[in-house]
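Below is one structure, written out as structure tokens; comments come after it.
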Amino acid sequence: MKIGLMYAMPGEIESLLAQEGTHLLQTVAGVSFYHIREDVIACCGGVGKVNAAMATQLLITLYRPDVILNAGVAGCFEEVPIGTLVLAEGFVQHDVDTTGVGDPVGLVSTVKQITFPTSDFAAAKAAMDKVGLPYRTGLVATGDWFAVPCQRTQWIADTFHPLLCEMEGCAVAQVCMRNGVKCMAIKSVSDCLVVKHDYYFNFPTAMKDLNRVVMSFIDHLEV
């Protein structure tokens, strides 16, 4: 089984690239692809839905993975410890709005779908259980907006009822769906979206365990 790992930011992938045997395969349209191990290819596509969609399509076209695993940090609509791990159940796009022509909010009219479930959730959950660290499950809201505690954030929470908010995952899931490729996602909480704290965005703590968990998850995944 070939796994494609999809990251957004260089800081999310860098600890993975420090592993022995990792090397650059090629860079296409500004997206670098790395050989992590025999059955694992990783790339860092950039922040936002357009970058994520482009990188996902390139990853599928060039390397034909059986599963794409989107990994990275995300804000949480609940007050949980920074670094809390979340296995995504599915994605929505909170910034898609064609209600002006009668569609429900969040509907991606190209595929007539609001929610994009992740693949083989029971198998993904079994793999996370074997990792041996506590984790949450939930829906993830994606959009081209860095969420902060404000009225818009509350609207997203009330409208879609997600656990997390980030900027790439649903684009990855949509491209995977249209290509018939399985999609899974593991996120680590980097900030709280409902309570203002002294810290704003705690990236190092969010990333502390993520890539170790990602590789252990892959080792235990059976689909």
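Quick one: is residue 42 within 15 Å of residue 170 (Cβ to Cβ), of a type outside the set (Asp, Glu), free of Cβ contacts under 8 Å to residues at least 60 places away in the same chain and surrounded by 17 or more Cβ atoms within 10 Å (Cβ to Cβ)?
When the stated conditions are applied, residue 42 does not pass them.
Restricting to strands (runs of 3 or more DSSP E) lying wholly in the stretch 107-223: which have 1 or more residues that are without any contact (Cβ under 8 Å) to a residue 60 or more places away in the chain and touching a His at 6+ places or on another chain (Cβ under 7 Å)?
So the answer is 136-142.
Tell me which residues, restricted to the stretch 45-90, are open to solvent by 10 Å² or more (accessible area, probe 1.4 Å), more than 22 Å from residue 16 (Cα to Cα) and not hydroxyl-bearing (Ser, Thr, Tyr).
49, 50, 77, 78, 79, 80, 81, 89, listed by residue number.
Determine whether the stretch 15-38 contains at least one residue that is buried (at least 19 other Cβ atoms within 10 Å of the Cβ) and in contact with a Pro (Cβ under 8 Å, 6 or more places away or on another chain).
The answer is no; no qualifying residue exists.
Hey, among 215, 184, 177, which residue is within 17 Å of the chain's Cα centre (by Cα), under 22 Å from residue 64 (Cβ atoms) and open to solvent by 40 Å² or more (accessible area, probe 1.4 Å)?
Matching residue, one of 215, 184, 177: 177.
Return yes or no: is residue 92 in contact (Cβ under 8 Å) with a residue 40 or more places away in the chain, in contact with a Lys or Arg (Cβ under 8 Å, 6 or more places away or on another chain) and of a type in the set (A, V, I, L, M, F, W, C)?
The answer is no for residue 92.
The rows are residues; the columns are (1) among the basic types (Lys, Arg); (2) outside any strand (DSSP E or B); (3) farther than 17 Å from residue 183 by Cβ.
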| position | (1), (2), (3) |
| --- | --- |
| 21 | no, yes, yes |
| 42 | no, no, no |
| 51 | no, yes, no |
| 60 | no, yes, no |
| 68 | no, no, no |
| 74 | no, no, no |
| 82 | no, yes, yes |
| 89 | no, no, no |
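Being open to solvent by 10 Å² or more (accessible area, probe 1.4 Å), more than 30 Å from residue 219 (Cα to Cα) and at pLDDT 95 or above: is that true of residue 132 here?
No, not satisfied.
Suppose we keep only residues that are open to solvent by 60 Å² or more (accessible area, probe 1.4 Å) and at pLDDT below 95 within the stretch 135-151. Which one would you say is farthest from the chain's Cα centre (by Cα)?
If we take residues in the stretch 135-151 being open to solvent by 60 Å² or more (accessible area, probe 1.4 Å) and at pLDDT below 95, then 151 is farthest from the chain's Cα centre (by Cα).
Does residue 99 fit the bill of being open to solvent by 10 Å² or more (accessible area, probe 1.4 Å) and in contact with a Phe, Trp or Tyr (Cβ under 9 Å, 6 or more places away or on another chain)?
Details: open to solvent by 10 Å² or more (accessible area, probe 1.4 Å): yes; in contact with a Phe, Trp or Tyr (Cβ under 9 Å, 6 or more places away or on another chain): no.
No; evaluated as a whole, the condition is false for this residue.
State whether one or more residues within the stretch 42-50 are under 16 Å from residue 212 (Cβ atoms) and of a type in the set (D, E, K, R).
No, the stretch 42-50 contains no residue that is under 16 Å from residue 212 (Cβ atoms) and of a type in the set (D, E, K, R).
The values are calculated or read from the model by the stated rules, or taken from the named source; none is laboratory data. Please read these numbers as outputs of a predicted model, since none were measured by experiment. We place every Cβ from the backbone using ideal geometry, glycine too, and count neighbours over all the protein chains shown. Keep in mind that these areas ignore ligands, DNA and RNA; they rest on the heavy atoms of the full protein, side chains included. Shrake-Rupley method; radii C 1.70, N 1.55, O 1.52, S 1.80 Å.
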